[in-house]
1. Please go through segment 57-118 and write out the trypsin sites (Lys or Arg not before Pro) that DSSP classes as loop and that have at most 16 other C-beta atoms within 10 Å.
2. When you count, for each residue, the other Cβ atoms within 10 Å and take the mean per peptide, how do 346-354, 215-223 rank with the highest first?
3. Compute the label zone of Asn192 within segment 215-259: residues whose backbone N is under 20 Å from the point 7 Å along Cα-to-Cβ.
4. Have a look at the DSSP beta bridges in the chain and tell me what percent are antiparallel, nearest 5.
5. Shape of segment 28-105 from its Cα gyration tensor (a ≥ b ≥ c, root eigenvalues): rounded if a/c is under 1.5, otherwise prolate when a/b > b/c, or oblate?
6. Quick one: order Asp402, Asp203 from most to least accessible surface, probe 1.4 Å.
7. Listed here are the pairs Lys185/Lys339; Lys70/Lys359; Lys152/Lys231; Lys359/Lys403; Lys59/Lys188; Lys125/Lys169; which of them are more than 26 Å apart at the Cα?
8. What figure in square angstrom, to the nearest 10, would you give for the accessible area of Asp189 with a 1.4 Å probe?
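The values are calculated or read from the model by the stated rules, or taken from the named source; none is laboratory data. What you see is a predicted model, and the numbers here were worked out from it, not measured in a lab. Neighbour counts are summed over all protein chains in view; Cβ atoms, including those assigned to glycine, are modelled from backbone coordinates with ideal geometry. Surface areas here come from the heavy atoms of the whole protein model, side chains and all, with no ligands, DNA or RNA. Shrake-Rupley method; radii C 1.70, N 1.55, O 1.52, S 1.80 Å.
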Amino acid sequence: MKKDEKKLKKANSSFRGKEYRSYGRNGYFGEFGGIYVPEILVSALKELEKNYFKYKKDKKFKEELSFYLKNYVGRPTPLYYAERLSNRLGGARIYLKREDLCHLGAHKINNTVGQVLLARKMGKKFIIAETGAGQHGVATAAAAALFNMSCKVFMGSKDIKRQSSNVIKMKLMGAEVIEVSSGSKTLKDAVNEALRYWVSRVDDTYYVLGSVVGPHPYPTMVRDFQVIIGKETKKQIMDIEGRLPDYIIACVGGGSNSIGVFYPFLKNADSVKLIGVEAGGKGIKSKKHGATLGYGDKGIFHGAFSYVLQDDYGQIEEAYSISAGLDYPGVGPEHAYLKEKGIVKYEYILDSEALEAFKTLSVCEGIIPAYESSHALAYVAKLAPSLDKDKVIIVNLSGRGDKDIENK
Ligand SMILES: *Cc1c(COP(=O)(O)O)cnc(C)c1O
């Protein structure tokens, strides 16, 4: 047996049974994932795949990445026992994984530092990225500044108006913000435009995608850059509690912070319940929501086969959420797979419930959570009171809420 096959067998044996044999292979998670892009992009994605898997194992690359994660991003982030929140909800012990304490206030920088470092290794000169609310644009602009690379960020004109402070931040850090006024003038149109631009510049340009979505190798690569969250969490909870948690809860937009915290626990999914929380917006019936896994259908979107919000004719429907980061009609293919296999459960939380949780955490703990993370917290607020005091819940606090205080 070849060495690679042995390794794969070993990796797969930690999952539950045969059905995992094809997991993550060739960019497919079961039937989900893949590369569904115009032919001209295929070679760029192959080049990226080849380089990513090469540098992933490269000692120097790993050392540099760890250096920047520690000294620039501020890792490891704490796992904090939220005692007053736990007492107030009156059930399980609740821990917060403090991704809100990362540089720029969210987990997104874990991924952009990794990808821009890779782009530099690959000898690329230019960085492009899409952004919706501007969080990923800001994180990419920062990483591009850090590694002295030129950066263009594509952003819908509607989002430019809604998120002016992030536009200012990107420009301050030297990025050029390119206005996209096609379609709904929001995130999905910005992705389309960034992909279109990339087609014309694949030789010298690196496209930094912001979540575990898009064609292979992005879902796998972005997950690998975010897995640091789960690895730290596992070690920290073992140090503090001496055992694994009973629940891990995280919000799901594209799915990067959630897969990051879940991934090292997938092999423990028999005892650790993993729950992803989508945006229920104004309610499922209102059609104003972002619950793609819960209420979308299978389809191809932004280069991959996954779940997507679409109408009866397969046209993409707009998502809606009070939190910009969950306002996306697609979701990562790995989540589609984990849902179908029943390994992770996906629930949804309404805008109103998220707002309530936003206030509760602020007043109980003096921590203002992002609206996105507030969805995970709102789910915990429903769950915790029904559990015994010896149960342990970990919530991934994906970001801080400073960006959200002017909205309400
Ligand atoms: C972007 C963002 C999200 C949603 O993205 P995922 O890829 O699903 O993690 C969640 N929380 C915060 C704070 C964000 O900025």
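1. When the trypsin sites (Lys or Arg not before Pro) of segment 57-118 are filtered for loop state and at most 16 Cβ neighbours within 10 Å, Lys57 remain.
2. Values: 346-354: 22.1, 215-223: 25.4.
Output ranking for 346-354, 215-223: 215-223, 346-354.
3. Only 215, 254 fall inside the zone, counting backbone N under 20 Å.
4. Values: 17 of 53 bridges.
Approximately 30 percent, going by the DSSP bridge assignments.
5. oblate
6. Working: Asp402 90, Asp203 135 Å².
The most accessible residue leads, giving Asp203, Asp402.
7. Numbers: Lys185/Lys339 30 Å; Lys70/Lys359 31 Å; Lys152/Lys231 32 Å; Lys359/Lys403 14 Å; Lys59/Lys188 36 Å; Lys125/Lys169 22 Å.
As for pairs spanning more than 26 Å Cα to Cα, those are Lys185/Lys339; Lys70/Lys359; Lys152/Lys231; Lys59/Lys188.
8. Asp189 has an accessible surface of roughly 10 Å² with all protein chains in place.
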